[in-house]
Every structure is written in structure tokens, then in C-alpha cells.
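Throughout, read-outs are computed from the coordinates displayed, never taken from laboratory work. Not measured: the values here are computed from a predicted model. Every residue, glycine among them, receives a Cβ derived from its backbone with ideal geometry; neighbour counts consider all protein chains shown.
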Amino acid sequence: MPRVLNIGSLNIDYVYQVPHFLRGGETLAAYRRAIHIGGKGLNQSVALARAGLRTSHAGIVGQDGTFLKVFLEHEGVGVSRVAVDPNESSGHTFIQVVPEGGENAILYYPGTNVRLTPEFVKSAMDDFGKGDALLVQNETSAVRYSIEHALEKGMRVIFNPSPFDSQAPLLPLNRISALIANETEAEGLLGLEKKEKTPEEAMDIVAELGRRYPETVILVTLGSQGVVCRMPGFEPDFIKAYPVHPADTTGAGDTFTGFAVRALMDAWEKTSADEAHAVLLEGLRFAAMAAAISVTRPGAAESIPFWKEVDEAMRDTD
Ligand code: RIB
């Protein structure tokens, strides 16, 4: 089975349940506080492993974050490429969650996540090559080097431009195998104004991304609406989200990404394009269900379901 190397952030999430998002100058009492395991990178490694993929994680934590590494190891993720830097604190967040729709607002301190250097990345990829995949988000340093070095080694590259910044559109996205973005990130890549999109408008965005990056599989998630997928050679497809009562949406995108990578890896094993397309769409329905389950639970990494649970939930919808 091909392997996935995920180069990504590991965070300690301090999560506060609040009546509304904090406003400038305001002091607000939270109802409840919890400390969760998170980071877009770590969450996605957990999702990859729970989706059944052979996963290794590369990243850096501080002394305060060694429990994040232990957690990943218990999940069956390879952690020999997770280093500890004693001179900086681990990446951490201050997350407000409001009752309305379980929406969140995140303040992020990168800490050790921006200590990744090209030398660190090169050595993390030593053992990987053709047939393996690199997954990378935009929450660490050395993202460009990670993508370029993996491409040089003949690896498939899957990029999740989250959180979005002005450097993301400058990356060689026309050479990667898959791009997984939410609508804000997709708009950012195209330099468009932020606004909520209908599925039809999102189809246009995906079609435009397809013109820019014709060889790349493009997935654009639309929150509670669903996801648009464009596989090269096919018209864009819309996959509807499964309706649930959300408790905490933190990590839903990461859950989707991990399960979507499983769908992509399964599709890339097929020799016929039609078969690959069908496998991809079926796998994306699974990924949508996994994300739906995750939002019904608090926290990020801990809220990610296992393959078996997703499979059972899918059977219940049949
Ligand atoms: O995507 C959710 C994650 O974003 C949280 O776990 C938090 O750590 C931030 O990185």
C-alpha cells in the first residue's frame, strides 16, 4: 500500500465556549474551557490513519507538546520525523466556539510549527519516493520547499492551502496532483472577493481553478452544503453534505481532507479514468460523512471518526 507523508502543524487547542465572538475592547466570560489536541497537520494525520492509510507525520513540537507526539503514535501514525525543539513553545490556539452552528474563531500562535527548515524537510522525505504521497497544509514554514522537493522525488503532492496567505497562489499548483481548499481559500487563490457561494457559483470557481491547473484534481468544500470535485477530463461534480446538528465545527475540514486523501489514493490505483472517477466520487461521499460525524462532537483530532463508524453511518443512509 502506498504511504502518505504529512508535513504539518501540531497544536494545543485552548477551546472556550462563548455566547458570541469577542469584540474589540470587550471582556467576556466563557461558559467552559477545554484543552484539545489539534493543529491542521496533526488532525489530518489522525484522519489519514483513521481512514486506513499508512501515515507518517513530520513536524516540530516544543517540550510542552510532547503529548501531541504520543497521541499520534497511539493512532498508529509514524512519528520518527516529529522533532522536539526545547527552545520554543509548541504551536497553540485560542479558539472561541459559539452555540449558533458550533462556529469558531481561531487565534493561532505558530511557535515550533515555523521552525521547519528545508534541511528538516529534506531529511524527513529521505525514505519516500515515487508512488508515495506528500500531504502539506499552509500552517508551517518551508511549504514551498516541501512541495518542490516532493515533486523532484516523483511523489504525488496534495496541498491544502489552509490557513490561506498571499504566498499560496505563488506555489507551483499546476504541478501537484490534488488541491483541497475551502471556498475562502479557493477565492483567495483566484484573487476573488470573499462571499458565500451557491453550489452553482462554486462550480464556476472550480472550473476556473481547473483552467489554471488543468492536470490537478480540485476539491472545493462548501461547509454544510457539500463539496465540488473536478477530476481532469471530467465535468465538475457536486457531492452534497450530510445534514447534522453541529456542536463544534473545529477540525471538520481536516477530517474531510484526510478521508479525501484516501479517496484520491484509491482512485489513483485504478487504470481506467472512468473507474478512477467513480472510486473518487464514492470516496468523497465517505469523506463528507466523516466530516459530518466530526462536527457533532467537541474538539478537533478527538472528534474524527474511524473508518468503521463512517462505513456504518453510510449503510444507515442507504
Ligand atoms: O483546522 C482546525 C485546526 O486549526 C485546529 O485544531 C487549530 O489547531 C487550528 O490549527
Query - Ascending count of other beta-carbon atoms within 10 Å, so fewest first, for Lys197, Lys270 - result: Lys270, Lys197
**Report entry** Relative contact order %, the chain, counting alpha carbon pairs below 8 Å whose residues are six or more apart
**Finding:** 17 percent
Query - Whole-Å semi-axes of the ellipsoid equivalent to the chain (Cα gyration tensor, √5λ, descending) - result: 27, 24, 19
Query raised in the report: Working out 0.36 nm times the residue gap between Glu235 and Asn174, then minus their Cα-Cα distance, what length gain in nm do you get to one decimal?
Result: 20.1 nm
Query raised in the report: What is the range 133-256 by shape, rounded, prolate or oblate, if you read a ≥ b ≥ c off the alpha carbon gyration tensor as root eigenvalues and call it rounded for a/c under 1.5, prolate for a/b larger than b/c, and oblate otherwise?
Result: prolate
Query raised in the report: Which residues in the range 131-147 place their backbone N less than 18 Å from a point set 7 Å from the Cα of Lys122 along the Cα-to-Cβ direction?
Result: 141-147
Requested in this report: Estimate the FRET efficiency between Lys153 and Ile106 by the formula 1/(1 + (r/R0)^6), using the beta-carbon distance for r and 41 Å for R0, to the nearest 0.05.
Outcome: 0.80
Query raised in the report: Once the Cβ-Cβ distance between Asp316 and Asn87 is put in as r, and R0 is 51 Å, what FRET efficiency do you end up with, to the nearest 0.05?
Result: 0.55
Report summary line: Of the residues Pro118, Thr66, Asn104, the Cα lying farthest along the dipole of the range 66-127 towards its positive end, which is defined by charges on the beta carbon of Lys, Arg, Asp and Glu, belongs to Pro118
Query raised in the report: In debye, nearest 20: dipole of the chain around its Cα centre with unit charges on the Cβ of K, R (+) and D, E (-)?
Result: 500 debye
Query raised in the report: With each label point set 7 Å from Cα along the Cα-Cβ vector, what nm distance links Arg33 and Glu200?
Result: 4.8 nm
Query raised in the report: Which GluC sites (Glu not before Pro) from the range 155-212 combine a DSSP loop assignment with at most 12 other Cβ atoms within 10 Å?
Result: Glu193, Glu196
Query raised in the report: When you count, for each residue, the other Cβ atoms within 10 Å and take the mean per peptide, how do 166-174, 18-26, 281-289 rank with the highest first?
Result: 281-289, 166-174, 18-26
**Report entry** Rounded if a/c under 1.5, otherwise prolate or oblate - the range 102-192, Cα gyration tensor axes
**Finding:** oblate
Query raised in the report: Share of antiparallel DSSP beta bridges in the chain, in percent to the nearest 5?
Result: 40 percent
Report summary line: In terms of the charge dipole of the chain, which places +1 on Lys and Arg and -1 on Asp and Glu at the beta carbon, the residue among Trp307, Ile37, Gly258 farthest towards the positive end is Ile37
